[in-house]
Structure formats: structure tokens, C-alpha cells
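Down below is the structure, laid out as C-alpha cells.
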Amino acid sequence: MVKEAFDIDALIERHGRERSSLIPLLQEIQSELGYVPKEAIKAVARELDIFEVEVYEVLTFYAQFRLTPRGKHVIKVCLGTACHVMGGQDIFNYVSQVLGVSAGETTKDGTFTLERVACLGCCGMAPVVAIDDQVHGRQTISKVEKLLREHAANDVGKGEHVTKDAK
Amino acid sequence: MAFKGKVLICQGTSGVSGGAHIVSEALKQKLHESGLSDRYEIKRVGDRGLFRDVLIDIISPNGYRWTYERVSVEDVDEIVESHLIRGEPVKRLLAGDDYRMFFEGQLRWVLKNCGEIDPEDIEDYISVGGYEALRKALHEMTPEDVINEIAASGLRGRGGAGFPTGVKWRICRGYEAPTRYVICNADEGDPGAFMDRSVLEGDPHSVIEGLIIAGYAIGASKGFIYCRAEYPLAIRRLKIALQQARDKGFIGKDILGSGFSFDIVLKEGAGAFVCGEETALIASIEGRRGMPRARPPFPAEKGLWGMPTVINNVETLANVPRIIVNGAGWFSSVGTDGSKGTKVFALAGKVKNTGLVEVPMGVTLRQLVFGPGGGMARKGYAFKAVQIGGPSGGCLPEELLDTPIDYESLTQAGAIMGSGGLIVLDEGTCMVDVAKFFLSFTVAESCGKCIPCRVGLVRLYEVLDRITKGEGVEGDIEFLELLGSAIRETALCGLGKTAPNPVLTTVRYFRGEYEAHIKDRRCPAGVCVPLLRFEVDEGKCIKCGRCARVCPVGAIAWERGSFPIIDRSKCIKCRACIIECPEHAIN
């Protein structure tokens, strides 16, 4: 048997076997692996003594959980109200067109995953795009194009990359 | 010993995205190189509410204060050399009139410490009077006294519905039970609202202190903070703050020798808007799908694991310590008859100054938008409407700008206070599109439990979608009104009941725009792509060529002194040219 990429015993040790541990358990698995694989659903169901479908229903109810691996860079285009009226949808359409993927999909080469989010809470900087959790405010189509190019070209690491607002 | 000067650097999500930590590092190094490290201390503070990228305050050892805005790493040397060494402030970077205007007319109670103290240092919070309220409540007041004080203050829930907080606590305490729980609702899901994030990032202890006091008042053994996973910085700072509060003995067994024991658990939400609804939130903490249930029984009677539970929002709890310290009379001296105290609004959209504004209840929308907001952002685009209350709220037109902001007046106008998201819309915003936007949001976030919401909202959305595509028919508007009212009356929870509000208010106040889409197949604001022709109106065009420069696919040919020509075969209809055009000349 292939060794599981997560240590279920350690996870249970930390979170316990209560039903209320289900979401924290899944969150931790996802933060380690980037998604929740089938084996994890089985293991969690077994340890919490609930049906697999009960794990699955929670996974598919909450927007945060992914059942498939994600790309190297995750682009979140905010489509909250402020971002929407400031042109967020135009930016989303553009990114989607350029990458050839729709919301929730990953490019074939595994570089980018595109996601739409309801609000990143940075409405004062709308429209906002977050790449790998780094927030970039006041985006335009040309700024986003530059961001995409930079991330595709260099492997820009988390937190090292910062844009300045055009003054 | 001489007082040290201070350099405050705003490092909330907004500051960090502008590069605050890089500026901070550069400053530290420069101070060290210049031998000023022992005269100035660098202090990390939360965001102050105004989005100005990196904001820096310099407080001289004798107490004078200068604010710099939009500071970049290249400016650091100049600030240190000119200001700190030669005593000449760098004029070009000093915060200007906009900044002053933004803060004038605000009454900052909840946001008082945001941008002033280090959110990751409990000592800083204590130095400004933090945890004094807890001490007072535990040592000088009975739980009933605390409840009476909060009830007398007139504080109402800041999360949306506006239920009186003291009454909620009293009801909960009235139920006999083996234990009770108190939950801080930090699942700030309203797109357009970000005050809870800023408070949690900038002043987490005020919320924690409020939660402990609430726990004491209702006799709870345990508290929960349910925070959105989309707020990683807020979660990190909450974890730090909880640990520090535990180390100091403000959380745990026998708090401050009072005999009262209370623990707090941080729960991360998993991305479901409906979890802002209290019964759904409870289901989520219990590890289930976040689906609401019918009320009554209300959570105050049967909540988390069947126990009496109080759920309060972040801003509500942040008010609690201040009321305990300053008294109910102090709090209720501000506001209107039915709405006391202040409210924080998240001002965003097409307004000059975007950010968090805290004002006394009862000020008018106009005062907000044209006072701290500084008026409209874009020249040539006039004010059109203000969207208040998020997906549950409504769009109010110019005629209603003098509406005072209080729970009752807003409800009467068809909107709601909600959590305080306030998005300003201008002529470049299509109201049908805005209504459709909110519907697409609530359709996606509907949990699917009750039919009016699950099916009704989809039907509403379909009609709006047709209208924005130029396929509207006679009778559509009446249908929207009929179905919208039916959903409002029959849906199970707050999400469904209020979801038609954006549609109903835009129909009510902007009927003409709906008619233009349906009868003339025209989108007056130039937003609905299928109704746009991407033609240059040569009567309006000033031949500036900006459209050609922003086109990402090179579909616009332009030469100096001539009209631009749009090549339809290349055009991807991204609207970049329409947004850029200063004369509304492309439609």
C-alpha cells in the first residue's frame, strides 16, 4: 500500500475524534497537500466513525475545499461588490481567456489555478487580485497581464513579490 | 531618560499589500546606520482605515506628529535624512487634505486603537487601558449589572439585524442549562464589508475582552471566535492575541481571582456566506454543513450543542469594553433615538477616499460620501447610487442621500444597515448589472434547504440575465417585483428573505434603466457587453488616444489628431477602452 501523504494519527492526536473536529481536520490536510485526496476522506471517516458521504457533503458544501490538486500558483480574482463595480469581472474574463481555464480549473501545464472569490475584504483597493495569497490592489488588465507574465516566467515565491500602486 | 520618538507603520492587509514590511525593514536598517536606533522606535500598527498603501507616522520625542502616505522603499533614506536628521519633513510625501478630510467628522470608538497600537503586543493594549473593563466587570459588577449596563446603553447588534445586545444576553442567561456558550461571529462574508477584518487585524484584544465580558455576563464556560478563512492575517493575529491573553491570565481558570473560568477557541470558517446566519454558524462549528434551521427556538434558548448560546458580531463585542469602562450614559449620548453609539462603514467603490469610516449613528449618507469619502473618484462621472448592506441591502439613489443612517430609516428606504458595507456607484455602473451581480452571489451561496431561496433566486437571476443580454420582454419588471416579494416573505433564513432587496430597490429607484435595457436594447451605463457596439462616438471623442494605449490586444488603431478605429475581429470586448475613455465616447 502506498503510504498516505498525511499522518492521520498525528492529526487525530491534535484535533480529537469529535464531530466538531471534522472541518479543522480537513482544513489541515488541505493546507498540507493543497487539496483533500480520496484516501483522506476514507481515513477521516474511519477515525471519526462517520460515513464517507458525511465527509464528502461537508467538503462539497464549503467553498474552501478542493478535491483535486491545484496549480503552482493560485490566482484569486475578487468579485466582491466593490471589485465588481470597479471592473473585477472584466479582469476575471481576461485572465480566464488568456489562461484558457474557467473558475476552479488549472492550466494544462499545472502553472496556474484560477479561482473567483466572493470578497477578500480589501474593497478599498478594488479591483483586487491575489496570487498565492499575496494581495495586489487596484488592478487593471495591463497590470494583471504583467503579474501573470512574471509568475509564469520566474518562480516567484510567497510574500517576496509586491506591487506598488500607480501614483 | 528622554522619551523615545516613534515611527508607526501600518501593517494590516492593506499596508502589507503595499509593501509595508519591506519599508519597515529598510527603515530599521537606515535608523541603525544613522545611529538613531536608540532615539526612535519602530512600531507595527494595524491599518487605520484609509487605503493609502504604506502609511507612516513619525512621532517626535517631544510628541509632535507627522503622517506620511504612499511611502515606498525608495523614500526611506530621504525621510530619515531629511526629517529625522535635519528636522525638515519631506513635504511631497506628507498626507494631504484628503487624509485630513477623511478623518474629520469621524468619531472613532471601535477603531480608536486601529493604527495606533501594536496588535501583536498585549502590553500595548494594556497601556491604553485594555482589560480594565474586564477587571471592572469581574471585581465590581455582578453578571446582572453587566447585562443591565449593556442594555441601558442601547447597543444593538452590528452584524445586520440590529437586535439589542443586552436583551439578547438577558434572554440567554434566563434559560437554565448545564452550560452556556458565547460565539463571536467573525465570518464577515458580506462582499463590501471589511471592518471586522480591520478590527481583528488592528485591535484583536478589544474583541477578545468583549467576548470574555459577554461570557461572564451570560454565565458561559466557553467562547468561540468563528473567523473567515479568507482572512489569514486576522487569524494569525487572533492566535497570538489569545495566547498572550492566556499567559496573562485573562483567559483560563479563575480569571483575575474572580472565580470565573472561561476559555476561547478559535474556529476557522471554510468559505460559506450563509454561515454568517447564526443557526448555520452553529452547525458549522459542530462540524456539519452550514445550513440554517427554523427559529424559534432561538440560539439564546437552544444553540451550540443544544445549549443556550449568544452570538455577537465583532464590532458589537468591540464596543462592550468601552461601555463597561465609560458607562451606558456615555454610549447612549451619541446617536439617534433608536440607534445609539457609532457605526463603522466600509466605504468603497467609486468614491475618492476608500476605507473604514466610523461615524455617530444618524449622520446622513450624503455627509458620509461627500465628507470623509471626499466625493466622487472620477471626473466626469456623477454620483448615481449608494449600495448599502451588501447582498441583503439595497441601492439608494441621490434623492435619498439625506437619509439618516440608523436601523429604521434604512429599512424604510428598502435597504438595511447590514454589516455596514457602503459601495458608491457612479454613472459608469449599470443598476441591472449590479442587481444581477448580487443575485449571482446569493444564488451561489444559497444553501439549498428552502425552495423560495434555492429555486426562486435562480428564477430571478435568469430574468436579470436575459435583460442584460438584450433579451428582456414586456412584463419582466412586474415579474421581478412579484417573485421578489414572494421570496422575501417565504424564505427560511435571513439570506433568502433579504436576497431580493438589491433587485427590488433597483427596480423601485431605477426603473427607467431596466426599461432602457428591455425596450431600447440599450445599456445606458455601457456595462452590459451584449448590448454594446464598441463604436466611437465622433461627436464626443477628443482624439486623445488613451483607448488605443489601454487595449490589451492592439485592436484599436489611432494616430495623433484622428479618431481611433476599432478592429472588431481583434476586439475581445474587455471594456478596457470604455473604462479608460474620459468622455464616455465609446459605446
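The values are calculated or read from the model by the stated rules, or taken from the named source; none is laboratory data. If you're wondering where the values come from, they're calculated on a predicted model, not measured in any experiment. Positions of Cβ are backbone-derived with ideal geometry, glycine not excepted, and every protein chain shown enters the neighbour counts. Protein only, heavy atoms only, side chains kept; ligands, DNA and RNA dropped before computing areas. Shrake-Rupley method; radii C 1.70, N 1.55, O 1.52, S 1.80 Å.
At a Förster distance of 22 Å, what's the computed FRET efficiency of B:Arg366 paired with B:Arg459, Cβ-Cβ distance as r, to 0.05? Write out the running numbers ahead of the final one.
Details: r = 36 Å, r/R0 = 1.64.
That gives a FRET efficiency of 0.05.
If you place +1 on the Cβ of every Lys and Arg and -1 on the Cβ of every Asp and Glu, how big does the dipole about the Cα centre of the protein assembly as shown come out, in debye to the nearest 20? Each step should come with its number before you reach the end.
Numbers: 92 positive and 99 negative charges, 161 e Å.
The calculation lands at about 780 debye.
If you count, for every residue in B:435-445, the Cβ atoms of partner chains within 10 Å of its Cβ, what is the mean? Walk me through the intermediate numbers first.
On the way: counts 0, 1, 7, 2, 0, 3, 6, 0, 0, 3, 2.
Mean number of neighbouring Cβ atoms from other chains: 2.
What is the distance, in nm, between label points placed 7 Å from the Cα along the Cα-to-Cβ direction at B:Asp121 and at B:Glu74?
Going from the B:Asp121 label point to the B:Glu74 one covers 3.2 nm.
I'd like to know which of B:Ala382, B:Val344, B:Ala415 lies farthest towards the positive end of the charge dipole of region B:342-426, counting +1 on Cβ of Lys and Arg and -1 on Cβ of Asp and Glu.
Checked the options; the winner is B:Ala382.
Let a ≥ b ≥ c be the square roots of the eigenvalues of the Cα gyration tensor of chain B; is it rounded (a/c under 1.5), or, if not, prolate (a/b larger than b/c) or oblate?
oblate
For Cα pairs less than 8 Å apart in space and 6+ apart in sequence, what is the mean separation divided by the residue count of region B:174-243, i.e. the relative contact order in percent? Please list the in-between numbers first.
On the way: 71 pairs, mean separation 33.1, N = 70.
Answer for region B:174-243 is 47 percent.
Using a cut-off of 14 Å between beta-carbons, work out the net charge of the residues near B:Ser37 (Lys and Arg +1, Asp and Glu -1, B:Ser37 not included).
+2
How many nm separate the modelled label positions at B:Ser34 and B:Glu583, each set 7 Å beyond the Cα in the direction of the Cβ?
If labels sit at B:Ser34 and B:Glu583, their model points lie 4.8 nm apart.
Just to be sure I understand: of the beta bridges DSSP finds with both ends in the protein assembly as shown, what percent are antiparallel, rounded to 5? Could you put the intermediate results ahead of the total?
Numbers: 40 of 73 bridges.
In the protein assembly as shown, approximately 55 percent of DSSP beta bridges are antiparallel ones.
Pull the list of chain A cysteines that no other Cys approaches to under 4.7 Å, Cβ to Cβ.
For chain A, the answer is A:Cys119, A:Cys122, A:Cys123, because their Cβ atoms have no other cysteine Cβ under 4.7 Å.
Which value in nm describes the separation of the simple spin-label points at B:Lys469 and A:Ala153, placed 7 Å from the Cα toward the beta carbon?
In this crude label model, B:Lys469 to A:Ala153 measures out at 4.0 nm.
Pairs to check: B:Lys4/B:Lys112; A:Lys76/B:Lys28; A:Lys38/B:Lys449; B:Lys4/B:Lys340. Give those whose C-alpha atoms are more than 30 Å from each other in this structure.
Values: B:Lys4/B:Lys112 22 Å; A:Lys76/B:Lys28 33 Å; A:Lys38/B:Lys449 27 Å; B:Lys4/B:Lys340 39 Å.
Among B:Lys4/B:Lys112; A:Lys76/B:Lys28; A:Lys38/B:Lys449; B:Lys4/B:Lys340, the Cα-Cα distance tops 30 Å for A:Lys76/B:Lys28; B:Lys4/B:Lys340.
Under the definition of Cα pairs under 8 Å and six or more residues apart, what whole-number percent is the relative contact order of region B:215-283? Display every interim value, and only then the final one.
Details: 74 pairs, mean separation 27.2, N = 69.
Computed value for region B:215-283: 39 percent relative contact order.
Averaged over its residues, how many other protein chain Cβ atoms are within 10 Å of peptide A:121-134's Cβ atoms? Kindly include the intermediate steps, with their values, before the conclusion.
Numbers: counts 20, 9, 16, 17, 9, 7, 0, 2, 0, 3, 0, 0, 3, 2.
Neighbouring Cβ atoms belonging to other protein chains average 6 per residue here.
Compute for chains B and A the buried accessible surface, both sides summed, probe 1.4 Å, and express it in Å² to the nearest 100. It would help to have the intermediate numbers written out before the result.
Values: alone 23860 and 9920 Å², together 29850 Å².
Rounded to the nearest hundred, the buried surface is 3900 Å².
What does the net charge come to around B:Glu398 if you take all other residues with beta carbon closer than 10 Å to its beta carbon, with K and R at +1 and D and E at -1? It would help to have the intermediate numbers written out before the result.
Working: positive: B:Arg366, B:Lys384; negative: B:Glu399, B:Asp402.
Net local charge, B:Glu398 excluded: 0.
First check a/c for region B:342-426, with a ≥ b ≥ c the square roots of the eigenvalues of its C-alpha gyration tensor; if it is under 1.5, answer rounded, and if not, answer prolate when a/b is larger than b/c or oblate otherwise. Let's see the in-between values first.
Numbers: a/c = 1.62, a/b = 1.35, b/c = 1.20.
Note, shape of region B:342-426 comes out prolate.
May I ask for the net charge around B:Ser258, where only other residues with Cβ less than 13 Å from the Cβ of B:Ser258 are counted and Lys, Arg are +1 while Asp, Glu are -1? Before the final figure, lay out the partial values.
Working: positive: B:Arg135, B:Lys136, B:Lys253; negative: B:Glu140, B:Asp254.
Its environment carries a net charge of +1.
Sort B:Tyr99, B:Tyr68, A:Tyr35 by accessible area with a 1.4 Å probe, largest first. List each step's numbers first, then the result.
Numbers: B:Tyr99 30, B:Tyr68 0, A:Tyr35 55 Å².
Ranked from most to least accessible, the order is A:Tyr35, B:Tyr99, B:Tyr68.
Say R0 is 45 Å: what FRET efficiency, to the nearest 0.05, do B:Ile542 and A:Lys108 get from their beta-carbon distance? Each step should come with its number before you reach the end.
Details: r = 44 Å, r/R0 = 0.98.
E between B:Ile542 and A:Lys108, to the nearest 0.05, is 0.55.
Could you tell me the relative contact order of chain B? Use alpha-carbon pairs under 8 Å, at least six residues apart, and round to a whole percent. Let's see the in-between values first.
Details: 1244 pairs, mean separation 68.3, N = 587.
Dividing the mean separation by the residue count of chain B yields 12 percent.
Taking the Cα centre of the protein assembly as shown as the origin and placing charges on Cβ (Lys, Arg +1; Asp, Glu -1), which of B:Ala491, B:Asn113, B:Ile311 is farthest toward the positive end of the dipole?
Of the listed residues, the answer is B:Ala491.
Can you compute the FRET efficiency between B:Asp402 and A:Tyr35 using 1/(1 + (r/R0)^6), with r the Cβ-Cβ distance and R0 = 51 Å? Round to the nearest 0.05. Intermediate values should be presented prior to the final figure.
Values: r = 52 Å, r/R0 = 1.01.
So the FRET efficiency works out to roughly 0.50.
Among DSSP beta bridges whose residues both lie in region B:1-132, state the antiparallel percentage, nearest 5. Provide the component values of the computation, followed by the final result.
On the way: 9 of 15 bridges.
Expressed as a percentage, antiparallel bridges in region B:1-132 total about 60.
Report the gain in length on full extension from B:Glu176 to B:Lys519: 0.36 nm times residue separation, minus Cα-Cα distance, nm rounded to one decimal. Please report the intermediate quantities before stating the final value.
Values: separation 343, 0.36 × 343 = 123.48 nm, distance 6.18 nm.
Between B:Glu176 and B:Lys519, full extension yields 117.3 nm more.
Is the shape of the protein assembly as shown best called rounded, prolate or oblate, per the rule: a/c under 1.5 gives rounded, else a/b larger than b/c gives prolate, else oblate, with a ≥ b ≥ c the square roots of the Cα gyration tensor eigenvalues? Please list the in-between numbers first.
On the way: a/c = 1.38, a/b = 1.18, b/c = 1.17.
Verdict is rounded for the protein assembly as shown.
Relative to the present Cα-Cα distance, how much length would full extension add between B:Asn326 and B:Glu88 at 0.36 nm per residue of separation?
Numbers: separation 238, 0.36 × 238 = 85.68 nm, distance 4.03 nm.
The B:Asn326-B:Glu88 span can extend by a further 81.6 nm.
Say the cut-off is 20 Å between C-alpha atoms; which of B:Lys136/B:Lys253; B:Lys379/B:Lys543; B:Lys343/B:Lys436; A:Lys72/B:Lys239 go over it?
B:Lys343/B:Lys436; A:Lys72/B:Lys239
Run through the DSSP bridge list for region A:73-166 and note the antiparallel percent, rounded to the nearest 5. Before the final figure, lay out each step's value.
Values: 7 of 13 bridges.
Percent antiparallel among DSSP bridges in region A:73-166 is about 55.
Per-residue ellipticity at 222 nm for the protein assembly as shown, helices alone: DSSP H runs ≥ 4 residues times -39500 (n - 2.57), over residue total, nearest 500 deg cm²/dmol? Numbers along the way, then the final one.
Working: 30 runs with 285 residues, N = 754.
Rounded to the nearest 500, it is -11000 deg cm²/dmol.
State to the nearest 20 debye the size of the charge dipole of chain B about its Cα centre, where the only charges are +1 on K and R beta carbons and -1 on D and E beta carbons. Display every interim value, and only then the final one.
Numbers: 72 positive and 75 negative charges, 149 e Å.
Roughly 720 debye for chain B.
Tell me, how many Å apart are the Cα centres for region B:312-343 and for region B:54-68?
Taking the Cα centre of each part, region B:312-343 and region B:54-68 sit 30 Å apart.
Let's see if you can work this out: charge +1 on each Lys and Arg Cβ, -1 on each Asp and Glu Cβ, no other charges. What is the dipole magnitude of region A:73-166 about its Cα centre, in debye to the nearest 20?
Values: 9 positive and 11 negative charges, 41 e Å.
Computed charge dipole of region A:73-166: roughly 200 debye.
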